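Presented below is the structure to which this report refers.
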Amino acid sequence: MSDPCRARMRVLLDISTLGLAQLHPEMRGGSFRVHGHLAEGLASSPDCQLLFCANDSSFAYQGCMEYLRTSERLTGVPLVGSSVAWAPQLRGAMSLVRSSARRFFPHAFPALIRDGGRYLDRQIHPVVTDASPPVDVFHSPGTRLPPHPKRGRSPQRFLSIYDLIPFRFPELCDDLLVHWLSGLIGSLCEEDWVMAPSEATRADLCEHDVASPERIFVVPLAADPERFYPCAEPGRAAALREWLGIGTRPYLLALNTIDVRKNMEGVVRAFVQAVRQERISDLTLVLAGHPGGGSERLTAVLEEAGEVRERVVLPGYVPDPELAPLYSGALGFVYPSFYEGFGLPPLEAMQCGTPVITSRTSSLPEVVGEAGILVDPHDCDALSQAMLQLYRDATLRERLHQASLQRAAQFSRERFIRETLAAYRAALSS
């Protein structure tokens, strides 16, 4: 409950990610949902007077205008800054140039196009650093902070950093991602504040001297309750199974972008080992998600699976309305990622009441706690045995089902917004 005696904070939130995802639907993943939750939560808070900007680019600004036109919950929140009328034509022209550069000049030229295009875009779409009347807090939850004013006042500035994957595992990332993270961190000044989603990420930020410990707030994320919930509707479950082509067979689920860090090939190897070891005739593995940097390695592992290959289903992208029945119908959710800054997919599974097998590394134990089975992601035998445990033991599945729901309830959207606002207040009173 808000304090009627406390003045409302004026907060300027950069929603560039929402605008970019509006224009590019393939970007509508976990970070897109988190940023949407943040915008809606702050907009509905009586403690906050909210304004939006889109500092990433004129493209992001145009996307934000489209996004806000379709969002009933954000009606009335102003989008400050301006973009010229011919920005859509510029966006189309630059998209053509970028696609040509990727095709014909795969090394040096794209960087020239990217930097030159960014400079030109800045001439027609200057960054927003404040508003009138002045704001108390500027928060960028996914894009660079604008240059710090050389003189005069500045709001308390926050930058959300969800992980340091490109720094910790550069071999798993392309150069553009490393460049992006370097630019994101390079936008910080000593007097700025950082939000991290977990203690593990906070420790990484301190280890890499991104910010001093006293200027880092840990604000855990939340799963969307409208998309992830226990779904026991027989009709939806039957339709989903028909779409997957698995009939009534039990299945384990792994869902995320298929890249090396997510260890999807480890999931397949452990599944093949379990099926062959116990001669299981009915268990299926559903491996859903967009292709990514690990697709070629996954294909090679699937080719090695022999007769078990036909028991692995790859449906690709799963529409949002099908996520709840997909999670809810699984015997378990398998997520042996090598590293996470938070780990939304296990939380989404737990919010559906689905037992989780995940890694005992990075932030994942903070999210799952004792409500799941934690394994070494490099240990194929341990992962395989965990799968067999869930397959064989209905009592274990029911215990983890209840524990998952209880654990997931600790990561609510209300807590996410409450602790975000608390961080703003702490910075303002420092």
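The values are calculated or read from the model by the stated rules, or taken from the named source; none is laboratory data. Small disclaimer: the values here were computed from a predicted structure and weren't measured. Because the Cβ atoms are built from the backbone with ideal geometry, glycine has one as well, and the counts that use them run over all protein chains shown. Surface accessibility is based on the protein's heavy atoms, side chains included, excluding ligands, DNA and RNA. Shrake-Rupley method; radii C 1.70, N 1.55, O 1.52, S 1.80 Å.
Data overview
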{"item": "Cα gyration tensor shape for segment 225-347, rounded if a/c is under 1.5, else prolate or oblate", "result": "oblate"}
{"item": "Carbon plus sulfur fraction of accessible area for the chain, probe 1.4 Å, in percent", "result": "54"}
{"item": "Relative packing of 279-289, 263-273, 302-312, which averages over residues the other C-beta atoms within 10 Å, highest first", "result": "263-273, 279-289, 302-312"}
{"item": "Phi to ³J(HN,Hα) by Karplus 6.51 cos²θ - 1.76 cosθ + 1.60 over segment 305-310, Hz, x for Gly, Pro", "result": "6, x, 5, 7, 4, 5"}
{"item": "Dipole in debye (nearest 20) - the chain, about Cα centre, beta carbon charges: Lys, Arg +1; Asp, Glu -1", "result": "880"}
{"item": "Ranked by how many other beta carbons lie within 10 Å on average, peptides 156-165, 174-183 from highest", "result": "156-165, 174-183"}
{"item": "Three-way shape label, the chain, alpha-carbon gyration tensor, a/c 1.5", "result": "prolate"}
{"item": "Interchain or long-range residues, amide H under 5 Å from SER359's placed H", "result": "SER337, VAL375"}
{"item": "Highest-fluctuation residue, SER337, SER132, SER31 considered, GNM on the chain with Cα pairs under 10 Å", "result": "SER132"}
{"item": "Gyration tensor verdict on segment 299-367 (Cα atoms; rounded if a/c is under 1.5, prolate if a/b is larger than b/c, oblate otherwise)", "result": "oblate"}
{"item": "The chain: relative contact order as a whole-number percent, Cα under 8 Å and 6+ apart", "result": "14"}
{"item": "Segment 123-253: relative contact order in percent, alpha carbon pairs under 8 Å with at least 6 residues between", "result": "18"}
{"item": "Gain upon complete extension [MET27, ARG425; 0.36 nm per residue less C-alpha separation]", "result": "140.1 nm"}
{"item": "Helix-derived mean residue ellipticity, 222 nm - over the chain, DSSP H n ≥ 4, -39500 (n - 2.57), to 500", "result": "-14000 deg cm²/dmol"}
{"item": "Rounded accessible area of VAL80 (nearest 10 Å², 1.4 Å probe)", "result": "30"}
{"item": "Packing rank of 17-29, 354-366, where each peptide gets the mean count of other beta carbons within 10 Å, highest leading", "result": "354-366, 17-29"}
{"item": "5 angstrom amide H check on THR284, placed H, neighbours 5+ away", "result": "TYR251, LEU252"}
{"item": "Largest-first ordering by accessible area, 1.4 Å probe, given options ARG168, ARG69, ARG399", "result": "ARG69, ARG399, ARG168"}
